[in-house]
Amino acid sequence: MPTPTSLDDLSRALADPRPEVVLTACWQAFDVGLELAHAVAWQDGFDELQALVTTQLCAEGRSLLPLPRDGDPVTPPAASPATANRCAELLDGVRAALTSLTDSPELPAESLRQTAALAQQAAQSLHALPAE
């Protein structure tokens, strides 16, 4: 699979049969969520406290995954409420992908479950970014 360059590429990579590709996509998805939250932290129309919570959750989730071995980070799309929701959907996919990997005997199931829980929390936080 070619190196992901977009959110759609990351979504497809989460379904790859190779765990190393899935873990890299998960790391990159957390990174995109982190970068998006940084970008909107002080913008009008977004909840700055929620943005800070999102950055913390994404940074923690990313830190529990192995660093990608190759490729460049995916550039987050321009910040908007729709983009925040799209990144939240991506992190929901990360949660599902990590949960499915817990059955693999070569991978640390408890760490994957913990990271999946962080992905779920980060997704909820991203959904809450746009100020009401």
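The values are calculated or read from the model by the stated rules, or taken from the named source; none is laboratory data. This one's a predicted model, so the numbers in the text were calculated from it and none came from an experiment. All Cβ positions, even for glycine, are placed from backbone atoms using ideal geometry, and neighbour counts span all protein chains on display. Remember, those area values only see protein heavy atoms, side chains included, never the ligands or the DNA or RNA. Shrake-Rupley method; radii C 1.70, N 1.55, O 1.52, S 1.80 Å.
How many residues, within region 76-87, are surrounded by fewer than 23 Cβ atoms within 10 Å (Cβ to Cβ) and either touching a helix residue (DSSP H, G or I) at 6+ places or on another chain (Cβ under 8 Å) or assigned to a helix (DSSP H, G or I) (or both)?
8
What tally of residues in region 74-84 results from selecting those that are polar (S, T, N, Q), within 14 Å of residue 10 (Cβ to Cβ) and at pLDDT below 90?
Looking only at that region, the number is 1.
Any idea which of 118, 98 is over 18 Å from residue 50 (Cα atoms), in contact (Cβ under 8 Å) with a residue 60 or more places away in the chain and touching a Lys or Arg at 6+ places or on another chain (Cβ under 9 Å)?
Testing whether each residue is over 18 Å from residue 50 (Cα atoms), in contact (Cβ under 8 Å) with a residue 60 or more places away in the chain and touching a Lys or Arg at 6+ places or on another chain (Cβ under 9 Å) leaves just 98.
Of everything in region 88-102, what is open to solvent by less than 80 Å² (accessible area, probe 1.4 Å) and part of a helix (DSSP H, G or I)? Give them in sequence order.
Those that are open to solvent by less than 80 Å² (accessible area, probe 1.4 Å) and part of a helix (DSSP H, G or I): 88, 90, 91, 92, 93, 94, 96, 97, 98, 99, 100, 101.
Of everything in region 45-65, what is under 20 Å from residue 94 (Cα atoms) and either in contact with a Lys or Arg (Cβ under 6 Å, 6 or more places away or on another chain) or among the aromatic types (Phe, Trp, Tyr) (or both)? Give them in sequence order.
Scanning region 45-65 gives no hits.
Scanning region 29-71 for residues that are of a type in the set (D, E, K, R) and more than 21 Å from residue 97 (Cβ to Cβ), which turns out surrounded by the fewest Cβ atoms within 10 Å (Cβ to Cβ)?
Top of the filtered list is 44.
Going residue by residue through region 5-28, is there one that turns out to be farther than 19 Å from residue 75 by Cα, without any contact (Cβ under 8 Å) to a residue 40 or more places away in the chain and open to solvent by less than 50 Å² (accessible area, probe 1.4 Å)?
Within region 5-28, one or more residues are farther than 19 Å from residue 75 by Cα, without any contact (Cβ under 8 Å) to a residue 40 or more places away in the chain and open to solvent by less than 50 Å² (accessible area, probe 1.4 Å).
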